[in-house]
Amino acid sequence: MSYTVLALSSIGGAVVVDLMLLRSRLLFRRAFWVSYAIMFGFQLLVNGVLTGVPIVRYSSRTILGARLAYAPVEDLAFGFALILTTLSCWVTLNRRRAAISSRR
Amino acid sequence: MRHLSYLALLAACLLGTAPLELWLGVRVYRRWRLLLLSLLPGGLVGIGWDSYAVYAGQWHFDYRYLLGIRLARLPLEEWLFFLVIPTCAVLTLEAVRRCRPDWMIGDEPADGDETADGDEPAEADRPLAAKRWRLR
């Protein structure tokens, strides 16, 4: 499977985790989108350094070819999925802890 | 020096976000067990995918910019990436929460728990048994 296909599926997977699996529903929270907007800028920077130096080289067969600040656009999809999954887990664990401590 | 490039990039990410913990007081590193647990699912999938991609020739790393330590086809720095970047994400979310406490995230403590940011239950109210369950 190409990076394009995997990157798109990773977004699908992260959305399923957030909305159905953990039900953290971060995708409906303003705080999430504002955080993501802040991270987006830094994401471009980090991806740009990684591919601009280049520390990582992509095979042209695996990507669409569209690039933003040196990095293939697929990197943005993968980054979004990683961020959403992590924050979804973080919020779920914190929610569980809050529930446990308020029950006692 | 060139072989420290990737490591320096990751260090810059940690240094850049350190003020959020130190001065804004987001208390993310203080909840390090919760943090590590949160990083685990994304990290495992990410490492698996990454390792597959290198195997499949989708991308490769230029070892002139790396320490040269390799685990499961991936440079050590790439493993650290999956610790550092998601940590920065958690720090950012908590910083936004800190600046905009009225924007609910969904893990706020239930009514009656007056602790400000939900991560410091009042010790006096809590029976000893409850402490076992606290993941902080």
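Where a number appears in this text, it was derived from the coordinates with a stated rule and is not lab data. Model, not experiment: these values are computed from the prediction. Positions of Cβ are backbone-derived with ideal geometry, glycine not excepted, and every protein chain shown enters the neighbour counts.
Within segment B:43-87, find all residues whose amide N lies under 20 Å from a label point positioned 7 Å from the Cα of B:Ala11 along Cα-to-beta-carbon. The answer is B:62-70, B:75-87. Counting only the Cα atoms, segment A:3-103 fills a convex hull of 104 Å³ per residue. When Rg and the Kirkwood Rh are both derived from Cα coordinates, the Rg/Rh ratio for the protein assembly as shown amounts to 1.00. A Förster distance of 51 Å, applied to the separation of the beta-carbon atoms of A:Arg57 and A:Trp33, puts the FRET efficiency at 0.95.
Report the Cα centroid-to-centroid distance between segment A:8-59 and segment B:9-82 in angstrom, as an integer. Value for the Cα centre distance between the two parts: 14 Å.
On the beta carbon distance between B:Leu76 and B:Arg33, with R0 = 25 Å, the FRET formula returns roughly 0.60. Between the Cα long axis of helix A:3-16 and the first principal axis of chain A there is an angle of about 10°, rounded to the nearest 10. May I ask you to compute the full-extension gain from A:Ala99 to A:Leu64, defined as 0.36 nm times their residue separation minus their alpha-carbon distance, rounded to one decimal in nm? In short, 8.1 nm is gained.
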